[in-house]
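The structure appears right after this line, and notes come after that.
Bear in mind that the values in this text are calculations on the coordinates, not laboratory data. Small disclaimer: the values here were computed from a predicted structure and weren't measured. Every residue, glycine among them, receives a Cβ derived from its backbone with ideal geometry; neighbour counts consider all protein chains shown.
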Amino acid sequence: MRLFPGIDPTTWFGGGAFAVEGKVVLITGAAQGIGAALARAMHARGAVVVLSDVDEDAVRATASEFGPRTLAVRADVADREEMAQRIAEVVERFGRLDVVIANAGVTPVPATLRSMNPKEFDRVMGINLTGVFNTVHPALDHIVRSKGHVVVVSSCAAFAPGAGGSPYMMSKAAVEQLGRALRVELAAHGASAGVAYFGIVETAMTHEMLDTDDLGRRLDAMLPWPLGVRITAEQAAHSVVDGIARRAPRTIAPAGWIPYSLLRGAINVVLDGKLAADATMHDLIRSIELRR
C-alpha cells in the first residue's frame, strides 16, 4: 500500500519527464555492484554509457558485456585532476554529457572515533564525499548546457546513528546536503539533480561487512524490521533509473526506509538515547575497540 496514492513513494514528486535514450551517461564505481547494475539498466534504456572505476581491468571487463554505446575509463574519484580530465575526454568524444551518477564509495574498517586510524577517516571522506564533488563539479557546465540530470548516491545510513562506522554515515549525510543544494542550483538553469538512498544492498561490500565479519553480523542482527530488509543491486539500480526518468529529487530503496526518512527528526532523538543506554551496544563498542 502506498503512503501517497497515485505517487511512487520511492521517487517522491519528480520534476518532469526525462528520456535517457541517446543521452550520454557517466557512472562512477561502475565495475561491479550497484554501479554495474546502473550501467546495465541505463544501457538497456538506450543511453550511451561511460563506466568509470579505479579498477581498470574490472571496469573494462564489465563494459565488454554491453557492446555498442559503451566506454570504459579508469579514474580515481579521489583524484580531482584525473576526474576533470576524464570528464573532458568524455565530452570531447561524444560531444556532450547529459547525466552523471556519482556512485563510487567505500566503507571504513569498523572503529570508534576514539580507536580509528585518522588515515582511514581521510580515505573514506576522500572517496565518498570529496570524490562526489570531484565527479560532479567538472561536469556541471555540460549538465547545464544539456539541461541534464545529476544523481549523487547517499545512503539510508545518513538517517541513522553512526557508532562504529561514523566516517561512512558522515560522508553520506554530507552527500545528501550536496545533492539538495545542487538540485536547487541547477533548477535555475533547467537542469536537475537527485539524491539516491539505499538500505542494505546485496553486494560484495555488504557481504564482507555484514556477513563474514562477526561484528558485522552482530550489528546486522540489531536492525529492526523492515530496516534489515535487503535488496539486490538490480533493484537498487532500477529505483535510480526510474527516478532519473522523472527527474526525481530523491529515491529510496527499499521503501521500508521511507517512514524513517520522513520522521527521523523525532525518531533519532529517541534512538540516540536508547542506543547510548543499551548494554548490547556497549558490548559491541567495546568489541570494536579491542580490535585496534
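Here are some notes:
- Helix axis angle, 233-245 relative to the chain longest principal axis, alpha carbon, degrees: 50 degrees
- Calculated from backbone phi, Karplus (6.51, -1.76, 1.60) coupling profile of segment 154-166 in Hz, x at Gly/Pro: 8, 5, 5, 4, 5, 7, 10, x, x, 4, x, x, 4
- Straight-line cross-link partners of K23 among the lysines, defined as a Cα under 22 Å from its Cα and at least 8 positions apart when in the same chain: K147.
- Take every Cα pair under 8 Å whose residues are at least 6 apart in sequence, average their separation, divide by the length of the chain, and the relative contact order is 21 percent.
- The alpha-carbon of K119 sits under 20 angstrom from the alpha-carbons of these lysines, leaving out residues fewer than 8 places away in its chain: K172.
- FRET efficiency, 1/(1 + (r/R0)^6) with R0 35 Å, evaluated for K274 and R74 via beta carbons: 0.20
- Ascending count of other beta-carbon atoms within 10 Å, so fewest first, for E65, E82: E65, E82
- Per-residue [θ]222 nm for the chain (sum of -39500 (n - 2.57) over DSSP H runs n ≥ 4, rounded to 500): -14000 deg cm²/dmol
- With the highest mean first, a sort of the peptides 246-252, 120-126 on other beta-carbon atoms found within 10 angstrom per residue produces 246-252, 120-126.
- For A72, the residues 5 or more places off, or on other chains, whose built amide H falls under 5 Å of its own are L51.
- Ascending count of other beta-carbon atoms within 10 Å, so fewest first, for V269, V20: V269, V20
- Convex hull of Cα atoms in segment 42-175, direction-averaged projection (nm²): 8.9 nm²
- Computed extension gain for L263 through E234, at 0.36 nm per residue and net of the alpha carbon distance, reaches 7.7 nm.
- Annotation: the residues E92, E56, sorted from fewest to most other C-beta atoms within 10 Å of their own C-beta, follow the order E92, E56.
- Extension reserve of the E289-N117 stretch, reckoned as 0.36 nm per residue once the Cα distance is removed: 60.8 nm
- In plain terms, the chain from R93 to H282 could stretch by 62.6 nm, reckoned as 0.36 nm per residue minus the Cα-Cα distance.
- Reported label for calculated percent of Cα pairs over 29 Å apart given [x] 41; [y] 28; [z] 32: [z]
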